[in-house]
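The values are calculated or read from the model by the stated rules, or taken from the named source; none is laboratory data. Keep in mind that what you see is a predicted model, and the values were worked out from it rather than measured. Every residue, glycine as well, gets a Cβ built from its backbone with ideal geometry; the counts of neighbours run over all protein chains shown.
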Amino acid sequence: MVPALYRVRRTRRETYDTFTFELDPPDGSRGFAFAPGQFNMLYAFGVGEVPISISGSPERPKSLIHTVRNVGAVSRALSQAKPGEVVGVRGPFGAGWPVAEAVGGDVVIVAGGLGLSLAWNLPAGPAVVVAAAVLFALAAGLSAVRASA
Ligand SMILES: Cc1cc2nc3c(=O)[nH]c(=O)nc-3n(C[C@H](O)[C@H](O)[C@H](O)COP(=O)(O)OP(=O)(O)OC[C@H]3O[C@@H](n4cnc5c(N)ncnc54)[C@H](O)[C@@H]3O)c2cc1C
């Protein structure tokens, strides 16, 4: 599978080492369908390619969202990509979560660190959103403490 050329629409810093960026599909393309829990291979040209989970909504495939922690060469290059720049995308890969089976049932999602960003793309009720927000605040706080230590 050849990488499709996606353009960075916007980026947002989440913590000192973690950022979220939104990608637009190539001109005229509708993007591709994906399920919660799947990941893409993101390619920073001239540097390399890494697996990154999709944290956007499957209901909005034209807007591909990824949250990345800057830990090495490729994630650093991705973190420096500016709006308008192009990154390669291959995907989606991996088995999606069986969301349809959970419809009508009680759902508890336990996630930590970057895994939390995936919880946002589930069709969630208020209780799930509150739990996720608390966990996110904890994760961000811990990162800040680590950075200042
Ligand atoms: C299915 C899947 C989904 C993922 N989803 C996400 C996601 O949503 N967001 C996200 O941020 N990450 C995600 N990851 C993890 C991400 O792919 C890795 O962090 C990736 O390796 C980053 O590549 P890099 O080139 O930036 O860092 P790398 O250079 O690969 O470094 C990765 C780690 O290895 C260490 N390292 C590198 N070289 C050395 C060395 N010579 N000696 C000792 N240690 C070294 C680095 O310090 C760092 O901790 C996912 C991984 C998988 C498998």
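Some points to look at:
- The residue that is modelled with the highest pLDDT, counting only those in segment 18-36 that are assigned to a loop (DSSP other than H, G, I, E, B) and buried (at least 19 other Cβ atoms within 10 Å of the Cβ), is Phe34.
- Enumeration of residues in segment 37-49 that are touching a Phe, Trp or Tyr at 6+ places or on another chain (Cβ under 6 Å) and modelled with pLDDT of 90 or more: Phe39, Glu49
- Check on Glu49, in a strand (DSSP E or B), closer than 11 Å to Val68 by Cα and touching a strand residue (DSSP E or B) at 6+ places or on another chain (Cβ under 9 Å): no
- Just one of (1) within 18 Å of Leu5 (Cβ to Cβ); (2) surrounded by 14 or more Cβ atoms within 10 Å (Cβ to Cβ); (3) of a type outside the set (Asp, Glu) fails for Lys82. It is (2).
- Every listed requirement among (1) buried (at least 20 other Cβ atoms within 10 Å of the Cβ); (2) within 13 Å of the ligand (Cβ to nearest atom); (3) among the aromatic types (Phe, Trp, Tyr) is met by Phe39 save one, (1).
- Pairs with Cβ under 6 Å, 6+ apart, first in segment 63-81 and part of a helix (DSSP H, G or I), second within 7 Å of the ligand (Cβ to nearest atom) and of a type in the set (A, V, I, L, M): Val74/Val50; Ser75/Val68; Leu78/Val68
- Count of residues meeting criterion [more than 9 Å from the ligand (Cβ to nearest atom) and either among the basic types (Lys, Arg) or at pLDDT 95 or above (or both)] in segment 50-78: 2
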